[in-house]
Amino acid sequence: MSFLYLSAAHKSSGKTTLTLGLCRALHDRAMKVQAFKKGPDYIDPIWHRLASHRPSYNLDFHMMQHAEIVDLFLRHSAAADISLIEGNKGLYDGMDTEGSNSNAALAKLLAAPVVLVLDCVGMTRGIAPLVLGYQAFDSEINIAGVILNKVGGPRHEEKLRAVIERYTDVKVLGAVRLDSDLAIVERHLGLMPANESDQAELRIESIATQVKAQVDLDALIQIAKSAHLTAQAVSTVKSPIHVSNIKLAYASDQSFGFYYQEDFDTLHAAGVETIPLNTLVDHSLPDVDGLIIGGGFPEMFIDELAANSALRADIRRAVDAGLPVYAECGGLMYLSRSLRWNDKQGEMVGVIPGDTVMGERPVGRGYASLTETGDGFSLTQSETIPAHEFHYSHLENLESGLTYAYKVLRGHGIDGMRDGYVYRNLLASYCHRRGSGGKGWITPFLQKVSACRAARFIAPPLV
């Protein structure tokens, strides 16, 4: 296998832009490119998929065990010619002083050579101690090359290359010029999702053109070929539960698109048929056994969501009738009574007895930990569930005496103490969970769906 880890000295160095350009540039060489993203990011993998023409997968120490990370990585890398792992933040940044969940820790776990993307704005000779320091900080990290990013021009590039050659043994793989056309529009939750941008394909092509001209792809491929991971995949994609004839709708449009590809793989391996639902244009639910509404940006489409009153009413009727529904963050917002952002407000589904209000600052941000109350789709009661959240909204005018699935051990959730509103067979939370794995939401949700489906088909007793 050939693979490498794209990291940086700090966030906003241009890792995602370079990753997209490399994915497309290598794809244009008729290579099968497999992208991965460290951490719980939903948006970057959407861009990865568009650039590489293959689904991208998340690798996350908080949400996954080490063996699960290695297994997922090996299984999908084995089917590719080259794999690119995009880091988050800086190479050595993490949640603790030991760096146990840092990019460096992931690079070591996977024995991946590291290519640093360096933001060179305002730097010349100072680039050398930066590179040397990153090399010296952890001798187990193989910094195999650097890509100079946001370079001011030919003279700036010449100085940077001369300094790195003079003081270090690190290979310069390319120098990408500072260009506003390479920037991807950012929003309050990060990059604008590619599924929402009509210009995404043109932007990726533009980035790839510059990467092809300014990065030594042959040298980068050789670094990837030097990777040696001796671990073996321990399993294949599988689900601890298998169901028959189950159909699940999932919200998939410009408003909702935050899903993990691994979870779709798990659902399909369990025998589930998934049917996309466009909340902006579809006027009714398809004939399904359950509904999933992931995260997204419903606040950007308040008018369109409010205007589709037929679908909102149909979802409300289905939930009241007991349809199993799993919703996260944006899905929770959509299921509330109303959604307000600045001077714009619209009616939503109305299942959750509260009103969603967008703010200027994050309400919940980062990794979270939950424990069950026993009132949701239960796993093992009181078992700690890893999660993450990133929302600028909160619920107002909530009724009292509501049922919640989770106590929040770390994070904010709905009110700082609880998350996971439960009504009939609905579970809606601000926190995002991994669906796959032993602590995932997929198995208990499918158990709920299967039980409800079976109950529907039980013949009434003879009178």
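The values are calculated or read from the model by the stated rules, or taken from the named source; none is laboratory data. Everything numeric in this text was worked out from a predicted model, so none of it was measured. Cβ sites come from the backbone with ideal geometry, for glycine too, and all protein chains shown count toward neighbours.
Of the residues making up segment 434-453, those that are in contact (Cβ under 8 Å) with a residue 12 or more places away in the chain and part of a helix (DSSP H, G or I) are I442, T443, P444, F445, L446, Q447, K448, V449, S450, C452, R453.
Can you find a residue in segment 334-342 that is assigned to a helix (DSSP H, G or I) and under 25 Å from the mean Cα position of the chain (by Cα)? Yes: segment 334-342 contains one or more residues that are assigned to a helix (DSSP H, G or I) and under 25 Å from the mean Cα position of the chain (by Cα). Would you confirm whether any residue within segment 298-318 is part of a strand (DSSP E or B) and either touching a residue at least 60 places away in the same chain (Cβ under 8 Å) or touching a helix residue (DSSP H, G or I) at 6+ places or on another chain (Cβ under 9 Å) (or both)? No.
Restricting the search to strands (runs of 3 or more DSSP E) fully inside segment 1-91 and requiring at least 2 residues that are under 15 Å from the mean Cα position of the chain (by Cα) and surrounded by fewer than 24 Cβ atoms within 10 Å (Cβ to Cβ) gives 57-59. Scanning segment 247-269 for residues that are of a type in the set (G, A, S) and out of contact with any strand residue (DSSP E or B) (no Cβ under 8 Å at 6 or more places or on another chain) returns a single hit, A269. Does S382 count as modelled with pLDDT of 95 or more and hydroxyl-bearing (S, T, Y)? Considered against the rule, which asks whether it is modelled with pLDDT of 95 or more and hydroxyl-bearing (S, T, Y), S382 comes out as no. Is it fair to say G99 is at positive phi and touching a helix residue (DSSP H, G or I) at 6+ places or on another chain (Cβ under 8 Å)? Taking the combined requirement at face value, the residue satisfies it. Listed conditions (1) acidic (D, E); (2) out of contact with any Pro (no Cβ under 8 Å at 6 or more places or on another chain); (3) not in a strand (DSSP E or B) are all met by D355, apart from (3).
Comparison of G330, G376 shows that the only residue that is within 16 Å of F256 (Cβ to Cβ) and touching a Gly at 6+ places or on another chain (Cβ under 7 Å) is G330. For N101, state whether it is not β-branched (V, I, T) and not in a loop (DSSP other than H, G, I, E, B). Judged against the criteria, N101 is not a match. The listed residues are V349, V272, V288, and the only one of them that is farther than 19 Å from E389 by Cα, surrounded by 22 or more Cβ atoms within 10 Å (Cβ to Cβ) and touching a strand residue (DSSP E or B) at 6+ places or on another chain (Cβ under 7 Å) turns out to be V272.
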